[in-house]
Amino acid sequence: MEKFIIQGNTRLVGEVEIIGAKNAAVAILPATLLINGITTLENVPNISDVKIICTILTALGAVVTWNNEHTVVVDTRHLNSANAPLEMTSKFRASYYLLGALLGRRGNAEVGLPGGCNLGARPIDQHIKGFEALGATIIDEQGKINASAKKLIGSPIYFDVVSVGATINLILASVLAEGTTVLNNVAKEPHIVDLANFLTSVGADIRGAGTDTIKINGVSELSGNHTYSIVPDQIETGTFMIAALASKGDILIKNCIYEHMDSLSAKIIEMGGKIENLGDSMRVSCDRELQATNIKTLPYPGFPTDLQPQIAVALSIANGTSIINENIWSSRFQYTSELNKMGAKITAQGTTAIIEGVNKLIGAPLYATDLRAGAALLIASIIADGSSELYNIHYIDRGYEHIEDKFRKLGAKIERIDKE
Ligand code: UD1
């Protein structure tokens, strides 16, 4: 078990490079199972969730080779299993994508129930309803899900809730199905568009990704020997944008997509920050007192729930009272008690948090409660007076690559050490 020791009071200044999106990579890697061939993926984040998915692909018979730190080659010509064991799938949430991908390629899948951050109830009823509409039989037994179909047949599917996971899983299951699938009330996140772009580049017929309705005309096979570069990470970009704001710093964020950040940019400007669009990079700075604002998390293009803990850090030192309404996850305020240890004044009840701004945060021993909460507490430690110790950093490593190196280059004083 490792921990970070952080000496605070740092204004973050300098440049940071954004890597490919975690949530795109954990969908596109399973999507390679639909191809009978070799796929090269570039700009792949070297994070623990991705490493676990590569281990699972190997267990299914794929040959996975890292050509360099960010390029993965997946050879799926000789798959020999459709069984993704619980000890692997329970380590991360996106393991449920193996269901859609294996069902699409092999007509059957046995996948241990997914793990991931504890953000409250995380049902997968919409995934199952979608698979059944395509003709699959789903059996949920003792910690694993068994899915099988003689033949998947395209169908109209209306999702009761907007779900990133269900949208991706049904795209995966239907690209090789017979006939046309129409997915209604889908999620529109950048990583959904990226998955559709990847699958289209290997021969799938997918239209409408990024809108409320996606139409998929099944094709008989997808072609190998393609190279695809994963979209820049929207959430890593947002984490550094908020770090610039909260530290009243000045950060040039390279290899990012400005348009994916509109909901956050609007809030940063309301709070007193400045943003310059420089094409494939942006500069975020702040040279004045932060002002309170209200945040409501929503599916894309609304404010992302995965940036809610980070923006709470900036709000905790803003002038005035802010309100956050969390509309996606029922238990996403666990980190607020850690921020309160640092002198923040946050009252969280149910899905609402009320934040009364304070002048400064003070370093403390802190426990990351999940991935994005961990990133938020790291930002809080960097800007706080005094030093902090941050435990449970394995959560942060699930989704951020070399996060301490990136913050160190911006001036932060962070040490990663083995917990004694
Ligand atoms: C994905 C992201 C996660 C992010 C979330 C919302 C990945 C690997 N994870 O998670 O980081 O926080 O989107 O942007 O991409 N729901 C149902 N039934 C279902 C599926 C979902 O009721 O079958 C509900 C959930 O309880 C939640 C909401 O729909 O309230 C959104 O969940 P969903 O978009 O599916 O989240 P994930 O795909 O798990």
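Results, tabulated for the structure shown:
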read-out: Of the criteria (1) more than 18 Å from Ala312 (Cβ to Cβ); (2) assigned to a helix (DSSP H, G or I); (3) basic (Lys, Arg), which one Arg416 fails; value: (2)
read-out: Number of the condition not met by Gly14 [criteria: (1) part of a helix (DSSP H, G or I); (2) closer than 28 Å to Glu236 by Cα; (3) over 23 Å from the mean Cα position of the chain (by Cα)]; value: (1)
read-out: Residues located in the stretch 299-331, provided they are touching a Gly at 6+ places or on another chain (Cβ under 9 Å) and away from the ligand (no atom under 15 Å from the Cβ); value: Ala314, Leu315, Ser316, Ile317, Ala318, Asn319, Gly320, Thr321, Ser322
read-out: Meets criteria (within 16 Å of the ligand (Cβ to nearest atom) and not basic (Lys, Arg)) for Ile235; value: yes
read-out: For Thr76: the one exception among (1) touching a Gly at 6+ places or on another chain (Cβ under 8 Å); (2) surrounded by 15 or more Cβ atoms within 10 Å (Cβ to Cβ); (3) under 16 Å from Ile52 (Cβ atoms); value: (3)
read-out: Checklist (1) touching a residue at least 60 places away in the same chain (Cβ under 8 Å); (2) more than 20 Å from Ala149 (Cβ to Cβ); (3) of a type in the set (Ser, Thr, Tyr) applied to Tyr96, failing item; value: (2)
read-out: Residues within the stretch 177-193 that are within 13 Å of the ligand (Cβ to nearest atom), closer than 27 Å to Asn108 by Cβ and of a type outside the set (A, V, I, L, M, F, W, C), tallied; value: 1
read-out: Pick from the stretch 45-67, criterion free of Cβ contacts under 8 Å to residues at least 12 places away in the same chain and more than 18 Å from Asn225 (Cα to Cα), ranking: surrounded by the most Cβ atoms within 10 Å (Cβ to Cβ); value: Lys51
read-out: Residue list for the stretch 1-17, restricted to those being of a type in the set (A, V, I, L, M, F, W, C) and over 11 Å from Ile251 (Cβ atoms); value: Met1, Phe4, Ile5, Ile6
read-out: Flag if Asn217 is out of contact with any Leu (no Cβ under 9 Å at 6 or more places or on another chain), on the phi > 0 side of the Ramachandran plot and more than 16 Å from the ligand (Cβ to nearest atom); value: no
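Every residue, every condition in (1) out of contact with any strand residue (DSSP E or B) (no Cβ under 9 Å at 6 or more places or on another chain); (2) at positive phi, yes or no:
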{"residue": "Leu378", "(1), (2)": "no, no"}
{"residue": "Ile383", "(1), (2)": "yes, no"}
{"residue": "Ser387", "(1), (2)": "no, no"}
{"residue": "Asn392", "(1), (2)": "no, yes"}
{"residue": "Asp397", "(1), (2)": "no, no"}
{"residue": "Arg408", "(1), (2)": "no, no"}
{"residue": "Ala412", "(1), (2)": "no, no"}
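Per-residue answers, yes or no, for (1) within 16 Å of Asp306 (Cβ to Cβ); (2) buried (at least 22 other Cβ atoms within 10 Å of the Cβ):
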position	(1), (2)
Gly350	no, no
Ile354	no, no
Val358	no, no
Ile362	no, no
Ala376	yes, yes
Ala380	no, yes
His394	no, no
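Bear in mind these aren't lab numbers, they're just calculated from the coordinates by the rules spelled out. Note that the structure is a prediction, hence the values are computed from the model and not measured. Ideal geometry is used to build each Cβ from the backbone, glycine not excepted, and the neighbour counts take in all protein chains shown.
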